[in-house]
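Could you have a look at this structure, given as structure tokens, before my questions?
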Amino acid sequence: MKKKFPVLKTDEEAEAFLEQDLTDYLHAGNFKSAQWMRFEFKPKQKSLNLRISEELLDAVRKNAKREGIPYQRYIRQALERAVMERKR
């Protein structure tokens, strides 16, 4: 039977949860797709100072949070996607 992971509020709850057989929890529905995961190997040598509206920054932060990444990485990935699309 497929089960969803419970919300664990303390370390003690997490430890107790991990003591059991987790076989029923190991299915694709409990894991995010690996396509969102990117590893950044190139060092970042340059910094950028950019002025944007507060509303745009709030929207960027919300989207980054939804994707589970820092907002500056979200901005960098958006720029990379735009450049790559332009090359095509």
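Relative contact order, percent, of the chain when contacts are C-alpha pairs under 8 Å separated by at least 6 residues?
Here the relative contact order equals 19 percent.
Compare the Cα positions of 78, 53, 63 along the charge dipole of the stretch 36-87 (+1 at Cβ of Lys, Arg; -1 at Cβ of Asp, Glu; about the Cα centre) and return the one farthest towards the positive end.
Projecting each Cα onto the dipole axis, the largest value belongs to 78.
How large is ³J(HN,Hα) for each residue in the stretch 50-60, as worked out from phi by the Karplus curve 6.51 cos²θ - 1.76 cosθ + 1.60 (θ = phi - 60°), to whole Hz, x for Gly and Pro?
Going residue by residue, I get 10, 9, 9, 5, 4, 5, 5, 4, 4, 5, 4 Hz, with x marking Gly and Pro.
Would you mind computing Rg(Cα) / (2.2 N^0.38 Å) for the stretch 36-87, counting N as its residues?
Here the answer is 1.21, to two decimals.
What distance in nm separates the simple spin-label points at residue 65 and residue 84, each placed 7 Å from Cα in the Cβ direction?
Simple spin-label model gives 2.7 nm for this pair.
Taken together, the values in this text are just the output of simple stated rules run on the coordinates, not laboratory data. Keep in mind it's a predicted model, so treat the numbers as computed, not measured. All Cβ positions, glycine included, derive from the backbone under ideal geometry; neighbour counts span all protein chains shown.
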